[in-house]
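What follows is a short report on a single structure.
The values are calculated or read from the model by the stated rules, or taken from the named source; none is laboratory data. Computed from a prediction, not measured in an experiment: that's the story for all the values here. Please note: Cβ atoms are built from the backbone with ideal geometry, for glycine as well, and neighbour counts cover all protein chains shown.
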Amino acid sequence: MQRQAEYALLLVLIIQNGLIVVRAFVAIEIPVEMRHQLVEQITRLKQHIPSTTVRWVRLEGIHLTLKFLGDVSLDKLDQITVLLEEVGLRHTPFRIDIGQFGCFPNPRRPRVLWVGVEDTSGVLINLQADLEGVLSQIGFKRETRPFHPHLTLGRVKRGAHNSTVRSLSAILEEVTIGDLGQVNVDEICLIRSDLKPTGALYTRIAMAKLEVIR
């Protein structure tokens with residue numbers, strides 16, 4: 001794992017309130033083959049949904065977020081990296097099923113369009129809860145909403161008129177996405193997000209393997 005000195009060379013740093021910070025989150029990276037399948041679904045949805053209504057996710061922006069951290073100081077990244085390694089040693093690799101279409105908060109008032117993620121083993125839920133617990137110990141606020149694993153396809157643009165949202169809702173009621181396949185998960189990643197006019201740029205900062213040591 002990279003440590004603090006290496007981060008200084010790797011990261012494009014943001015200056016905020018006198019601190020050096022990066023925008024970061026913890027996630028499971030999705031194999032490119034599955035991401036291409038999801039982009040195909042986005043292409044299909046674009047045929048029915050006006051481009052002025054939804055901001056679609058790009059191929060490189062598809063990931064399963066476990067914990068959004070926000071702006072993180074450089075010195076704290078090292079702590080997070082150590083905690084991810086420790087969490088990884090408490091959980092075994094597992095498999096997730098990807099498929100089925102949904103919206104947050106619901107199809108009548110859509111804001112986020114997504115494809116679902118299911119883990120019948122229960123490891124994913126336990127892993128995310130473990131991350132919430134250890135990260136709260138170093139100052140990251142616990143998420144109060146239940147964890148609902150998903151892969152975001154698009155977000156309804158801010159300021160969309162109510163009539164536009166109603167029209168979108170009617171379209172989404174007819175959308176179906178079947179089972180797209182399975183993905184093996186054997187690592188979790190700390191990822192940096194740089195917001196740019198052309199969209200966010202994602203860079204892996206660190207990775208921790210899932211491997212219970214017996």
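What residue, among those in the range 99-133 that are of a type in the set (A, V, I, L, M), out of contact with any Phe, Trp or Tyr (no Cβ under 7 Å at 6 or more places or on another chain) and part of a strand (DSSP E or B), is modelled with the highest pLDDT? Walk me through how you get there before you give the answer.
Filtering the range 99-133 down to residues of a type in the set (A, V, I, L, M) leaves 112-113, 115, 117, 123-125, 127, 129, 131.
Of the ones still in play, those that are also out of contact with any Phe, Trp or Tyr (no Cβ under 7 Å at 6 or more places or on another chain) are 113, 117, 127, 129, 131.
Next, only the ones that are part of a strand (DSSP E or B) stay: 113, 117.
On the way: 113: 94, 117: 97.
Among those that are of a type in the set (A, V, I, L, M), out of contact with any Phe, Trp or Tyr (no Cβ under 7 Å at 6 or more places or on another chain) and part of a strand (DSSP E or B), it is 117.
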- Please work out which residue is modelled with the lowest pLDDT, limiting yourself to the range 24-55 and to residues that are surrounded by fewer than 19 Cβ atoms within 10 Å (Cβ to Cβ), assigned to a strand (DSSP E or B) and out of contact with any Ser or Thr (no Cβ under 9 Å at 6 or more places or on another chain). 55
- Query: Pairs, please: C-beta under 7 Å, at least 6 apart or cross-chain, first residue modelled with pLDDT of 95 or more and in the range 178-199, second of a type in the set (Val, Ile, Thr) and outside any strand (DSSP E or B)?
  - Reply: 183/30; 190/80; 190/81
- Task: Would you be able to say whether some residue in the range 134-150 is loosely packed, with under 12 Cβ neighbours inside 10 Å and outside any loop (DSSP other than H, G, I, E, B)?
- Result: no
- Item | Counted residues, the range 156-214 - those being under 20 Å from the mean Cα position of the chain (by Cα), β-branched (Val, Ile, Thr) and either loosely packed, with under 13 Cβ neighbours inside 10 Å or in a loop (DSSP other than H, G, I, E, B) (or both) | 2
- Odd one out for residue 72, checked against (1) within 19 Å of the chain's Cα centre (by Cα); (2) modelled with pLDDT under 95; (3) part of a loop (DSSP other than H, G, I, E, B); (4) of a type outside the set (S, T, N, Q): (3)
- Working only within the range 75-98, note down all residues that are assigned to a strand (DSSP E or B) and of a type in the set (Asp, Glu). 97
